[in-house]
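Please treat every number below as a calculation from the coordinates, not as lab data. Here the structure is a predicted model, which is why all the values come from computation and not from measurement. Cβ: placed from backbone, ideal geometry, glycine included. Neighbour counts: every protein chain shown.
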Amino acid sequence: MSRLVEQAGAMTGNRAAGDIGTAISLISPTDALWRLAAFHLQPAIPRDLQFGAAFIVTGTLPTAAMIWWAVAFMLAIRLFDRRAL
């Protein structure tokens, strides 16, 4: 969802929409992990041509910083879940 908001903001020139999409990505980094998995699982031809649905075919990888953030976020959630309240 955040990627869709970022793309819509970029296409329309609306910087606020792009910033909102980035904020959503930082709060819930699942989209970055989905894009990373989709990039590596799809065949090279559709990926290079960016042919297909925007949610399935992705021609770009999330940045390394975003991947590290997503991993740290998941570990924090796991540690918090195991903690006694």
ask   = Can you list the HN-Hα couplings for the stretch 68-83, worked out from phi with the Karplus curve (6.51, -1.76, 1.60; θ = phi - 60°), rounded to whole Hz and with x for Gly and Pro?
value = 4, 4, 5, 5, 4, 4, 5, 5, 4, 5, 4, 5, 5, 5, 7, 6
task = Obtain the nm distance between the two label points defined at H40 and A76 by a simple spin-label model: each point lies 7 Å from its Cα along the Cα-to-C-beta direction.
result = 2.3 nm
